[in-house]
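Participant: Shown below is the structure under consideration.
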Amino acid sequence: MRLGGLEELPGCQDSSRLGATDVQLFGEIFGAIYLYLDSMAFLFLSAVGLIIILGMMGITNLAHGEFMMLGAYTAVLATRAGLPFPISVVFASLMVGLFGMVLERLIIRRFYGNLLQSLVATWGISLIISQGMLVLMGPSLQTIRMPLGGITVAGKAYAAYRLLLAVIAIGLLIVMWYVFHRTKFGMRARGAMQNAEIAEAMGINTSRMYQFTFGIGSALAGFAGALYAPTTVLAPLYGASFLAPAFVTVVVSGGANVIQGALITSVLLGIIEGTSSRLYGTFIGRMALLAAAMVILRVLPTGISGYLETRGERAR
Amino acid sequence: MNKTSRFSNFLNTVNGPFSIGRSAVFWVAFLIVTGYLYFFPRFASRYDVINLTYFMSWTFVAMGLSLIWGCGNILSFGQMAFVGIGGYVYGIIAINTLDAVGNTIPALLGGIIIPFLVAALLGYFVFYGRVSGVYVSIMTLVFTLVLETFMGQTAGDKWRVGKALLGGYNGMTNIPSINFGSTGLKGASLYYFVLTLMVVTYLLLRYLVNSKYGVGLVATGSNPDRTEVLGYNIRLIQLLAFAIAGGLAGLSGVLYVAWGHYITPSTMGLTNASLPVIWVAVGGRKSMLAAIISTIVLQYFTQYLAVTGSEFALIILGALLLIVVLYMPAGVIPTLANCIGKLGSKRRQEALSNSQSRRGVGA
């Protein structure tokens, strides 16, 4: 499971003795916001690549965790080789994106329209990548220090980096929305996903669209993996710790409206996970996530985005 | 209906259209191999017998997966979770009741029934929630991962059920052998027990798949909407198949812990969770027998690689999975069987192609 969060920070437990109740209240509120933002950003970032590939192409990439692991390894190795951390993160996303595009051309492309088989194939890929990394780099890799250090609010210390991650998540959301809803590429991609034949007839190269979309999804997985690399131990099974929360987010979100679904789902699940881990600890938070997913799916089988879409259609 | 006709009815159903291997040649070969397996401990070394017992213990989870995936088109990545549940439940009950009861029959039954019920509960949420396709697979995968995490944090004295310590990542130890009242099953006696269970389970599953229920399951797998319109309760059909597969996985778990006397949460981890899928996919998911053979062969192969010190066992398994999915989607054994069938008489070839075009699914 994910390391980090509030409990690892040294100053976390010491309540300051400023005495002023409004400062304490502010501290409480800030702590809660920090926790929720952290949860939401984690869910959003770890799931977004998966959601794009699933929502746009219908392919479930079970090697998602391994793509994240590749991103993390690339970023850490690049940083150790002397690149500044932000540049290594970008480099890592590009590399993983490229890797994804090659993989799409070689293997994934054969499984469009055969979803269960694609699931099995991507699992085979994930096994090869993670075990290959184990042979290549050994059971663990020393990670880099968390950048930015801590900030103190009302006597409690917080990791500034985790706040930055939340900001990055929000920024990424805006960029994605812009790319898929306001650019020509986004329009073509969505067209290809909605009805490949008609899009093809309109002169869109759907096979290239699929390749790019898979590349973007992979790049986002690498990006998320690289961003979270400094927060935990790096190992070939690094991706596995993201897998459960990422898949829960994807399942609850559904594939209908990718960006809207990802946003609403990570906020909703972030609140559920944040609240329960605040009250009962990280582990119970994770269990609550699964329980919530089961209940939500029992009520909304097409996921939140599917529900919103059918509601939208009815309203029209 | 008198007894003999009921029995021949059973045999006819076992030999029904949904199974690969229905010719007289097949049954003769089946009898010869089964007979050979029963005589195996007479001449093989103790090590080989114990080893083969271990391999055969895993065939139950593979048969269960073959039932839901091959027939019902439900791909579950969570079968190892039920193996884990079966193993832990057997361990908990056996450790607590062996002295009082004098046998492990309650533990054995519990290790099958509890995973059956848990699978039914999970299946209720999944199938009655009308979750379908890949989402089912993802939910089962998440279920396994969460269960592994849960068992991993059960270290310490706090996590104790009666006399049984759950033990966190160190696992549960000193789990007794299967015991029917005199002494625990070990070595050859455990071998005969597992072998008999395996043969009986195989025949029963062939019966199930070719029964009225099996027809419904296969139909649901190939076209759920049409099957539902035809009046089948497809939710219940899927739920039941999933629960049976869970119970079979539980049985694998029971036999595994009774064989090795311990279990750890990593049984349910991501790497392990991929094993049943690999066995079944490589062998041929639509045939129970293919699942059995490939489970035993691939385990033997993995063990051989591990013993020779190769780190590449899992990479090779992953590559094998990928190659099979790419080039032999039906699996290795049905593809081979098809080739052999083509060498046979033209009549048989026609029958094969007829039966394949009739449904495209077999067990």
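The values are calculated or read from the model by the stated rules, or taken from the named source; none is laboratory data. As the structure is a computational prediction, the values presented were derived from the model and not from experiment. Neighbour counts are summed over all protein chains in view; Cβ atoms, including those assigned to glycine, are modelled from backbone coordinates with ideal geometry.
Participant: For the stretch A:89-103, which positions are surrounded by 24 or more Cβ atoms within 10 Å (Cβ to Cβ) and either closer than 18 Å to residue A:146 by Cβ or within 14 Å of chain B (Cβ to nearest Cβ) (or both)?
Facilitator: A:89, A:92
Participant: Let me ask you something else. Can you tell me which residues in the stretch B:125-146 are of a type in the set (Ser, Thr, Tyr) and either assigned to a helix (DSSP H, G or I) or without any contact (Cβ under 8 Å) to a residue 40 or more places away in the chain (or both)?
Facilitator: B:128, B:135, B:137, B:140, B:144, listed by residue number.
Participant: Counting just the residues of the stretch A:269-303 that are more than 11 Å from chain B (Cβ to nearest Cβ) and out of contact with any helix residue (DSSP H, G or I) (no Cβ under 7 Å at 6 or more places or on another chain), which one comes out surrounded by the fewest Cβ atoms within 10 Å (Cβ to Cβ)?
Facilitator: The extreme case among them is A:279.
Participant: State the number of residues belonging to the stretch B:85-123 that are crowded, with 17+ Cβ neighbours inside 10 Å and on the phi > 0 side of the Ramachandran plot.
Facilitator: Number satisfying all stated conditions: 0.
Participant: So, one more: Hey, among the residues in the stretch B:255-312 that are without any contact (Cβ under 8 Å) to a residue 12 or more places away in the chain and either assigned to a loop (DSSP other than H, G, I, E, B) or surrounded by 18 or more Cβ atoms within 10 Å (Cβ to Cβ) (or both), which one's nearest to the other protein chains (Cβ to nearest Cβ)?
Facilitator: Checked the stretch B:255-312; the qualifying residue nearest to the other protein chains (Cβ to nearest Cβ) is B:311.
Participant: Within the stretch A:108-160, can you find the residues that are of a type in the set (Phe, Trp, Tyr) and within 23 Å of residue A:237 (Cβ to Cβ)?
Facilitator: Once the filter is applied, which keeps residues that are of a type in the set (Phe, Trp, Tyr) and within 23 Å of residue A:237 (Cβ to Cβ), the stretch A:108-160 yields only A:123.
Participant: Being farther than 20 Å from residue A:224 by Cβ and at pLDDT 90 or above: is that true of residue A:128 here?
Facilitator: The answer is yes for residue A:128.
Participant: Just one of (1) farther than 21 Å from residue A:164 by Cα; (2) in a loop (DSSP other than H, G, I, E, B); (3) of a type outside the set (Lys, Arg); (4) more than 14 Å from every other protein chain (Cβ to nearest Cβ) trips up residue A:61, so point out which.
Facilitator: (4)
Participant: Would you be able to say whether some residue in the stretch B:110-124 is within 30 Å of residue B:40 (Cα to Cα) and assigned to a helix (DSSP H, G or I)?
Facilitator: Yes, there is a match, as at least one residue in the stretch B:110-124 is within 30 Å of residue B:40 (Cα to Cα) and assigned to a helix (DSSP H, G or I).
Participant: Taking the stretch A:113-146 on its own, how many of its residues are within 14 Å of another protein chain (Cβ to nearest Cβ), surrounded by 15 or more Cβ atoms within 10 Å (Cβ to Cβ) and over 20 Å from residue B:282 (Cβ atoms)?
Facilitator: Looking only at that region, the number is 2.
Participant: Could you count how many residues in the stretch B:314-332 are assigned to a helix (DSSP H, G or I) and not β-branched (Val, Ile, Thr)?
Facilitator: 9
Participant: For residue B:111, which of the numbered conditions (1) over 15 Å from the mean Cα position of the chain (by Cα); (2) within 30 Å of residue B:183 (Cα to Cα) fails to hold?
Facilitator: (1)
Participant: Now a separate question. Would you confirm, using the coordinates I've provided, whether residue A:220 is at pLDDT 85 or above and touching a helix residue (DSSP H, G or I) at 6+ places or on another chain (Cβ under 8 Å)?
Facilitator: Spelling it out, residue A:220 is indeed at pLDDT 85 or above and touching a helix residue (DSSP H, G or I) at 6+ places or on another chain (Cβ under 8 Å).
Participant: Can you spot a residue in the stretch A:81-88 that is within 14 Å of another protein chain (Cβ to nearest Cβ) and within 30 Å of residue A:146 (Cα to Cα)?
Facilitator: no
Participant: Something else about it: Which of the residues spanning the stretch B:313-333 are more than 18 Å from residue A:133 (Cβ to Cβ), surrounded by 22 or more Cβ atoms within 10 Å (Cβ to Cβ) and not β-branched (Val, Ile, Thr)?
Facilitator: Hit for the stretch B:313-333 is B:331, nothing else.
Participant: Inside the stretch B:1-100, counting only helices (runs of 4 or more DSSP H) that do not spill past its ends, which hold 2 or more residues that are modelled with pLDDT of 90 or more and among the small types (Gly, Ala, Ser)?
Facilitator: B:59-65
Participant: Are any residues in the stretch B:136-158 touching a Gly at 6+ places or on another chain (Cβ under 8 Å) and either more than 7 Å from chain A (Cβ to nearest Cβ) or among the hydroxyl-bearing types (Ser, Thr, Tyr) (or both), and if so, which ones?
Facilitator: Within the stretch B:136-158, B:140, B:143, B:144, B:147, B:148, B:151, B:152, B:154, B:155, B:156 qualify.
Participant: Do the conditions hold for residue A:86, that is, is it surrounded by fewer than 23 Cβ atoms within 10 Å (Cβ to Cβ) and modelled with pLDDT of 85 or more?
Facilitator: The answer is yes for residue A:86.
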